[in-house]
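Asks: First the structure, which I've put down as structure tokens, then a few questions once you've had a look.
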Amino acid sequence: MRHENPNSLLRNPRIPEETIAAIATPPGEGAIGIVRLSGSRAIAIASARFVSSQGADIRASGRRVFHGEFRDGDGTIDEVLVHVMRAPHSYTREDVVEINCHGGSGPVYGVLEAVLALGARLAEPGEFTKRAFLNGRIDLVQAEAVIDRIRAGTRAALRAAAAAAGGALSCAIREMQEALAGALARVEASVDFPEEDLPELVDDALRDALRGVHARIGSLLDTARAGRLYREGARIAIAGRPNVGKSSLFNALVRDARAIVTAHPGTTRDRLEEIITIRGIPVRLSDTAGLRHTADEVERIGIDVAWETLQTADAVLFVADASQPVTGEDETLAGDVGELDVPAVLVLNKIDLAPGTPPPSAAAPFVASCAVSALTGEGLQALEDTLGDLILGDASISPEQSMVTRIHQRDSLRRASEALARLLDNFNASPEFLSIDLRDALDALGEVTGETTSEDVLDRVFSSFCIGK
Ligand SMILES: Nc1nc2c(ncn2[C@@H]2O[C@H](COP(=O)(O)OP(=O)(O)OP(=O)(O)O)[C@@H](O)[C@H]2O)c(=O)[nH]1
Ligand SMILES: [Mg+2]
């Protein structure tokens, strides 16, 4: 089933009449726990169990915050503050009540059970945000940005999510939709009134305008990589022979003595991971066991894990020891790493022990090379810069700009782009054909903002949310 447009959904019977409830704060102990209600009966349900300390009636009063007690048949559950937000001035555009109690499982479950007993239904994950979307307050891009805000691991990721929530991508899509809808009107007029003495409707100016939209979709698609990185972060794995200083480099990049470092080859066995930030991108950095043939079972398991880690990384730091001559083993390993289809950077470590070593050349299979000392910190900034360039590519973009962050957005934009490419290739064909491609492109753009998104994509989006959001 497909949506027509979010506003028509206001009259759509699929918009649930039920009032939903959920605990909106994380489990465990905290200063405050919040139970949230949304729906036409939210205020009535809350008022049935709330006794205001000032005798106020939350159904009648114009006030928004009330102090008092929440009670059930057995007496007082907790002292609470109740926030009332009336439709349409609320997160969901429905009546919303938030009951703030003490943050422990006793009070929050007590309040939740009391409102469920009065007929509220337990909300599904993301259902409050889904209602905000179905009620037309936000579009799909903005709904997805809500979860990105919650999960943002860096300030840059948060800024990117805030820009999307503020409509950066939605605005760009809307402008393109308007341009395409205008083009469609002209093309259809020329189909409907071929005989009339209309000025040329399908003309060079129209073609230029459509080329402009096509180019704009192209530049949006170019942001997909950066968008994914702001949202998901990147994975970088450190690899190399034993004792070359991988764990020391890991500790230096993490700025913490996380990994055990010894002069004994084969020290690291387990994979260690820490999140660092490179140019605002959250990077999961992994230290792995030194790669070599060994009879030690524990070490061998560690080496298997190391190879798995390398295969799934976005980039590999291949560490070698500058104070030792390059061995045949280094070369074989470098070749194996080169086979992985993951960009690898050659890092020549321990340059403090080998002053005057010429900088390593970034010969194949390496895409770049750096000389560093994990001990003194020399060269680490240059290594981080190299990694920044490698992760973001040339498309180093500001988090505030409109950006494609999700695969389904990218796929829809690709389809829109293909439809427009077809149209531009056959621009002189009959206008009927042009209108088919224009409609395809419009449909694909509508999927990004949720106007024409299929039900299962919507379900997938909202089910990835937490309960109570
Ligand atoms: N002088 C100097 N010594 C270093 C440097 N980096 C590491 N070392 C020393 O090299 C030895 C091995 O360091 P680790 O970081 O444990 O090496 P590794 O590659 O993790 O070793 P495995 O876990 O056994 O594979 C230790 O004695 C470190 O102090 C460096 O930049 N300069
Ligand atoms: Mg180690």
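Asks: What does the convex hull of the alpha-carbon atoms of the stretch 12-157 project to on average, in nm²?
Replies: Value for the stretch 12-157: 9.6 nm².
Asks: Hey, any idea what the orientation-averaged projected area of the convex hull of the stretch 82-131's Cα atoms comes to, in nm²?
Replies: Mean orientational projected area (the stretch 82-131, Cα hull): 3.8 nm².
Asks: Still on this structure: Show me, bin by bin at 5 Å from 0, the whole-percent P(r) of the stretch 393-442 based on Cα pairs.
Replies: Pairs per bin, as whole percents: 5, 19, 19, 16, 14, 11, 9, 5, 1.
Asks: Given C-alpha coordinates of the stretch 117-165, what is the ratio Rg to Rh with the Kirkwood estimate of Rh?
Replies: Radius of gyration relative to Kirkwood radius: 1.12.
Asks: What distance in nm separates the simple spin-label points at A257 and I407, each placed 7 Å from Cα in the Cβ direction?
Replies: 4.3
Asks: I need the semi-axes of the equivalent ellipsoid of the stretch 303-390: take the C-alpha gyration tensor, multiply each eigenvalue by 5, square-root it, list largest first in whole angstrom.
Replies: Over the Cα atoms of the stretch 303-390, the semi-axes work out to 21, 15, 12 Å.
Asks: Using packing as a proxy for protection, rank 186-193, 432-439 so that the peptide with the highest average count of other Cβ atoms within 10 Å comes first.
Replies: Order by mean packing, descending: 432-439, 186-193.
Asks: Ok, one more. Please report the antiparallel percentage of DSSP beta bridges with both residues in the chain, rounded to the nearest 5.
Replies: Taking every DSSP beta bridge with both residues in the chain, the antiparallel ones total about 60 percent.
Asks: With only alpha-carbon atoms in the gyration tensor, what are the semi-axes of the equivalent ellipsoid for the stretch 246-291, in Å, largest first?
Replies: Over the Cα atoms of the stretch 246-291, the semi-axes work out to 21, 10, 7 Å.
Asks: Right, next: Within 10 Å, count the other beta carbons around each residue, average over each peptide in 291-299, 275-283, and list them highest first.
Replies: Result, highest mean Cβ count within 10 Å first: 275-283, 291-299.
Asks: In the chain, which helices (entire DSSP H runs) extend 24 Å or more along their own long axis, judged by Cα positions, while averaging at least -1.0 on the Kyte-Doolittle scale?
Replies: Membrane-span-like by this criterion, though nothing is claimed about a membrane: 168-192, 204-221, 407-425, 431-449.
Asks: From the convex hull of the Cα coordinates of the chain, what is the mean projected area in square nanometres?
Replies: Over all viewing directions, the chain projects a mean Cα-hull area of 31.1 nm².
Asks: Mind checking the alpha-carbon convex hull of the stretch 142-300 and giving the volume per residue in Å³?
Replies: 180
Asks: For the pair A185/E455, report the inter-label distance in nm, with labels modelled 7 Å from Cα in the Cβ direction.
Replies: 3.3
Asks: Then there is this: Out of residues 5 or more away from A368 or on other chains, whose amide H comes under 5 Å of its own, with H placed 1.01 Å from N in the peptide plane?
Replies: L346
Asks: While we're here: Tell me, what is the Rg over Rh of the stretch 209-287, with Rh the Kirkwood radius over Cα pairs?
Replies: Computed over Cα atoms, the ratio is 1.27.
Asks: If you don't mind, another one. Report D for the stretch 89-199 in µm² per second (integer): Stokes-Einstein, Kirkwood Rh on Cα pairs, 10 °C, 1.306 mPa s.
Replies: In µm²/s, the coefficient rounds to 88.
Asks: Now a separate question. How many Å³ per residue does the convex hull of the Cα positions in the stretch 211-349 occupy?
Replies: Spread over its residues, the Cα hull of the stretch 211-349 gives 127 Å³ apiece.
Asks: Then there is this: Quick one: check the C-alpha center-to-center distance for the stretch 308-325 versus the stretch 133-188, whole angstrom.
Replies: If we compute the Cα centre of each part, the gap is 39 Å.
Asks: For every other residue with a beta carbon closer than 14 angstrom to the beta carbon of N349, add +1 if it is Lys or Arg and -1 if Asp or Glu, then tell me the sum.
Replies: -2
Asks: Another question about this same structure. Set the Förster radius R0 to 56 Å, insert the Cβ-Cβ distance between R300 and E175 as r into 1/(1 + (r/R0)^6), and round the FRET efficiency to 0.05.
Replies: 0.45
Asks: Oh, and also: How large are Rg and Dmax for the stretch 186-252 when only the alpha carbon atoms are used, in Å?
Replies: When restricted to Cα atoms, the stretch 186-252 yields Rg and Dmax of 27.0, 83 Å.
Asks: Now a separate question. Considering the alpha-carbon set of the stretch 213-259 alone, what are its Rg and its Dmax in angstrom?
Replies: For the stretch 213-259, the Cα-based Rg and Dmax read 18.0, 55 Å.
Asks: For the stretch 311-469, what is the convex hull volume of the alpha-carbon atoms per residue, in Å³?
Replies: 215
Asks: Quick check: pseudo-label points 7 Å beyond the Cα along Cα→Cβ at A87 and Q54, how many nm apart are they?
Replies: The answer from the label model is 2.7 nm.
Taken together, the values in this text are just the output of simple stated rules run on the coordinates, not laboratory data. Computed from a predicted structure; not experimentally measured. FYI the Cβ positions are ideal-geometry reconstructions off the backbone, even for glycines, and counts take in every protein chain you see.
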